[in-house]
C-alpha cells in the first residue's frame with residue numbers, strides 16, 4: 001500500500017480540522033455575561049395575570065414586574081412596600097394609605113392612588129382574601145393622587161395582612177379588565193421590566209433591571225424591604241427535562257434550577273460548584289383531599305379512618321429518600337407558625353394504624369363502595385403518592401380505583417360533585433406551602449362552608465364560626481387559643497389528611513448568592529452573581 | 001400531470017377538513033378543562049367558572065365548532081387560550097427550530113444512510129455490511145433519549161465540546177445555530193440512518209442481481225458507473241419513498257429530541273398545548289401538519305418521475 005503526497009496532505013488537513021473542532025466549539029458552551037442570571041424556575045408563564053391564576057410561575061412573574069402595597073417580611077409580618085405613610089382611625093374603621101415617593105410604571109407614568117383602588121377592587125372580586133375583605137368594606141376611595149382610603153363597616157385588624165396577599169398593583173386601565181379575563185400586558189412598577197422583544201412564549205422569558213425603580217431604604221427582608229436588583233438581566237428558560245436541566249446547571253449554562261427531582265439530589269450534592277438549598281425550611285405540605293359528599297366519605301367515620309390509615313413516613317419516602325428534606329406534620333395549621341399546635345393529634349402514629357382505620361371503615365358501614373383516587377400522571381409526586389395511598393387502602397380491604405389522567409383531567413374531574421359511577425371522585429392528592437396553612441382566611445382549602453368550600457365541599461358550621469373570628473383577633477395568645485379550637489374540630493371532621501412535609505430544595509451554582517427564601521415566591525432581586 | 005397535482009391538492013383540503021373535525025371532537029370529548037388549567041392548582045370553582053364563561057367554553061359544541069370553522073376559513077386560526085397570542089404567530093416562532101432540526105437530520109441521515117447502504121450492498125457480507133447490521137440493531141433498539149443523554153454526558157458535560165441544551169436562531173449567527181444543533185441532529189439521526197441504510201442496501205442488492213448489471217460488468221463498466229449510474233437510479237424509488245416518509249415523520253416526531261435538548265420547536269408547543277388543553281394550538285398544528293404530510297407525499301410522488309421515466313401521471 002502506498003500513500004501519495006496528495007492523500008497525506010488531505011489526511012493532515014482532515015486530522016487538523018477534527019482536532020481543532022473541540023476548541024472551536026468549546027467557546028460556544030461558556031456563558032459570557034456575569035451580570036445575567038439564567039434559570040429554570042417553574043417554566044415560562046403562559047398566563048401573566050396574577051389575579052386570574054394561582055399558578056406559581058405567574059406569581060413569580062408578578063413579583064418581578066409588579067409591586068405590592070404591603071409585603072411580608074421573613075417573619076411573615078406585613079410591612080409597607082409601595083405604601084409610605086399609613087394610619088387607622090380611632091374607631092379602627094378607616095384605613096388611610098399614602099404611596100411613597102418615586103413610584104413609576106415601566107411606561108414612564110407615575111403610579112397613582114387610582115391605580116391602587118382599581119387593583120384592589122379587581123383582586124377582591126376573585127381572590128378569597130379579597131372577597132372576605134370586601135364583605136366588611138364600605139368603600140374604597142381615592143383621596144388624592146397619592147392617597148386612598150378603605151372604609152370598613154366594622155374593624156378588621158387583619159387588613160394589612162390581606163393587602164400583603166397576592167395583590168399586585170397594576171395600571172388602572174389594566175386593573176379595569178374583568179377579573180375573569182386575563183391581563184396580557186406586562187407593564188408594572190416593580191424592580192424588573194419584562195423584555196417583550198426577547199420573549200419566546202413557552203420557551204424563554206427575559207427580565208431587565210428597571211433602572212428607574214426606587215427601592216425602599218430598609219434592607220431586603222423576606223418580600224419586604226428594599227428590592228435592590230444586583231444583576232442586569234434574568235432569563236427564564238423552560239427546560240422540561242430534569243436530567244437536561246441538571247446537566248445544564250453543572251455545565252454552567254444555567255445558574256439556578258428550582259425544581260430538581262429528588263433522585264438527582266445526590267448528583268447535585270456531589271458537584272463542588274453546586275449547592276442544594278431549601279428556600280423555605282417548612283416547604284410544602286402534601287395532603288389528600290376527601291370528597292365529603294359521596295360514599296363512603298359522606299360518613300365522618302370513614303374520613304377519620306383515613307387519618308389513622310396514613311403512614312406519613314411511607315409517603316415522605318416516595319417524595320425524597322433523604323430524610324433531611326422531609327418532616328412529619330400533624331397540625332392543621334402546618335408546622336412553622338404561631339398557630340401550630342398539638343390539639344387533637346392523637347391519631348398520629350408512626351407507621352399509621354391500619355387496624356384502627358379498618359375498624360372505623362366498618363363502623364362507617366362500608367359496604368365495598370368504590371373509592372376513586374384521581375392520579376395525576378404528569379406530576380410525579382402526586383402520581384406516586386396516589387399509588388401508595390391506593391396500596392394502603394387495598395390492604396385494609398377497600399375497593400380502590402386509580403383514575404389516571406394528566407393534571408388537566410384531574411382539575412376537571414375534581415369539580416364534579418356526582419357519585420363516582422357518574423364521573424365523580426373520592427380523593428385527590430395535592431400540596432400547598434406549609435405557610436399557607438397559617439392563613440385560614442385566604443386559603444380556599446382551609447374553609448368548611450359547604451357548597452362554597454373548596455373541592456370536597458366540607459361543611460362545619462362550628463368550624464366556620466371560629467374561622468370568622470380569626471380576622472378579629474389581634475392578640476397572638478387569643479389567636480393561638482382559637483387555633484387550638486379550630487384544629488380540634490378540623491381533625492374530628494377531616495376534610496383533608498396530611499401526608500407529610502417536603503422541603504424541596506432548589507439547586508444553584510455557588511457563584512449565585514443573595515437568594516431570598518420565602519414560601520411560594522422566588523424573588524429575583526437581591527441575588528448576585530460573582 | 002397538472003390534473004394529478006390538482007386532484008392531490010384538493011385531497012389535501014379534504015384530509016385537513018377531516019383531521020380538523022376529528023381533532024375538534026376529540027379535544028372536546030377528552031377530560032380536561034382549559035379554564036381549570038389557567039386558574040391553577042389552588043383555584044376555587046368560582047374562579048374557574050368565570051374563566052370558562054369568558055372563554056366561551058360554556059357555549060354548545062356546535063356553536064364553538066361553527067365559530068372555529070368560520071374564523072379559520074377567514075384565515076384566523078384563533079388565539080391561544082393561555083398565551084393570548086395568535087396561534088399562527090406562536091407556530092411561526094416554533095417552526096424554525098423544528099425545521100432546522102428536521103432538515104439537518106434528513107441531510108445527515110440521507111448522506112450517511114444511503115452511502116452506508118450502497119457500500120454494504122456492494123460488499124455483501126464484508127466488514128461494512130456487518131458494521132451496518134450492528135449499527136442498524138443499535139439505531140433501531142436504542143431510544144433517542146438514551147442516545148441524547150449519553151451525548152449530553154459525554155460531549156457536553158465531560159468534554160465540554162458542545163452545549164448541553166438550547167437553541168440559537170440562525171439570525172444569531174450560523175456557528176452558534178449549527179453548534180447547538182449538532183448533538184440533537186446526530187442523536188435523532190441515529191435511527192433514520194439505520195432505516196435508510198437498510199432500505200438502500202436491500203434495494204441495491206435487488207438491482208445488483210439483475211441481468212443488466214451483469215451485462216454492464218461484462219462490458220467493462222467501472223464500479224462507479226455500475227453503482228451510481230445503473231444501480232442507484234433503479235433502486236431509487238423505494239429509497240425516495242422511505243426518505244419522504246421519514247421526513248414527514250420527522251416533522252411530527254421530534255418531540256423527544258426537542259425535550260431532551262430543550263429546543264423550543266413545534267413538538268414541544270403541541271405537548272405543552274395538550275397538557276394545558278389549549279385547543280386552538282392543538283387544532284391548528286394538527287391541521288397544518290396533516291396538510292404538510294400530504295404535500296410531502298405529493299412531492300415524493302412527483303420526484304419519482306425524475307428518476308424513473310416509466311412513471312407517468
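We did not get these values from a lab; they are worked out from the coordinates using the rules stated. Computed from a predicted model, the values in this text were never measured in an experiment. As a convention, Cβ positions derive from the backbone with ideal geometry for all residues, glycine included, and neighbour counts pool all protein chains shown.
Worth a mention:
- The packing ranking, built from the mean of other Cβ atoms within 10 Å per residue, places the peptides A:282-292, B:301-311, A:129-139 in the order A:282-292, A:129-139, B:301-311, highest first.
- Most mobile of B:28, B:41, B:52 in a GNM of chain B (Cα contacts under 10 Å): B:41
- Working from the Cα coordinates of the range A:117-222, the gyration tensor eigenvalues give, after taking √(5λ), semi-axes of 29, 18, 14 Å in decreasing order.
- Its relative contact order, with pairs defined as Cα atoms under 8 Å and 6+ residues apart, puts the range A:67-175 at 33 percent.
- Computed over chain A, relative contact order equals 19 percent, with contacts defined as Cα pairs under 8 Å that lie 6+ residues apart.
- Overall form of the range A:67-175 per C-alpha gyration tensor (a/c, 1.5; a/b vs b/c): rounded
- Chain A, helix-only ellipticity at 222 nm - DSSP H runs n ≥ 4, -39,500 (n - 2.57), divided by all residues, nearest 500: -9000 deg cm²/dmol
- R0 of 56 Å, Cβ-Cβ distance residue A:492-residue B:70: FRET efficiency to nearest 0.05: 0.50
- Theoretical ellipticity at 222 nm over chain B - DSSP helices of four or more residues, -39500 (n - 2.57) apiece, nearest 500: -24500 deg cm²/dmol
- Taking the convex hull of the alpha carbon positions in chain B and averaging its projected area over all directions gives 21.1 nm².
- DSSP bridge orientation in the range A:284-502 - percent antiparallel, rounded to nearest 5: 65
- Available extension along the chain between residue B:275 and residue B:17 is 90.5 nm, counting 0.36 nm per residue and deducting the alpha carbon span.
- Cα gyration tensor shape for chain A, rounded if a/c is under 1.5, else prolate or oblate: oblate
- Fewest-first sequence of A:493, B:249, A:455 by Cβ atoms within 10 Å of each Cβ: B:249, A:493, A:455
- Pairwise centroid distance, computed over Cα atoms, of the range A:261-302 with the range A:80-143, Å: 35
- Residue A:181 paired with residue B:307, simple spin-label distance in nm, labels 7 Å along Cα-to-beta-carbon: 5.6
- Stretching the chain fully between residue B:159 and residue B:30 yields a gain of 41.8 nm (0.36 nm per residue, less the alpha carbon separation).
- Inter-centroid distance (Cα atoms) of the range B:264-313 relative to the range B:30-77, Å: 27
- Packing-based exposure ordering (other Cβ within 10 Å, fewest first) of A:389, B:29, A:466: B:29, A:466, A:389
- Residues considered: B:167, B:149, B:224. Largest GNM mean-square fluctuation over chain B, using C-alpha springs under 10 Å, is found at B:224.
- Among A:93, A:153, the ranking by other beta carbons within 10 Å of each residue's beta carbon, starting with the fewest, stands as A:153, A:93.
- Peptide A:236-242 - average C-beta neighbours from other chains (10 Å radius): 5
- Among B:217, B:202, B:35, residue whose mean-square fluctuation peaks in a GNM of chain B (springs only between Cα atoms under 10 Å): B:217
- Sites residue B:49 and residue A:101, calculated FRET efficiency, Cβ-Cβ separation with R0 30 Å, nearest 0.05: 0.10
- Estimated distance in nm for a label pair at residue B:142 and residue B:202, the labels positioned 7 Å out from Cα along Cα-to-Cβ: 2.3
- Subtracting the Cα-Cα distance of residue A:476 and residue A:384 from their residue separation scaled by 0.36 nm leaves 29.2 nm.
- Whole-angstrom gap from the range A:178-206 to the range B:187-238, using each part's C-alpha centre: 56
- Note on A:250-257: average number of Cβ atoms from other chains within 10 Å of each residue's Cβ is 3.
- Within 10 Å of the Cβ of each residue in A:403-413, the mean number of Cβ atoms contributed by other protein chains is 6.
- The range B:1-64 shape via C-alpha gyration tensor axes, a/c threshold 1.5: prolate
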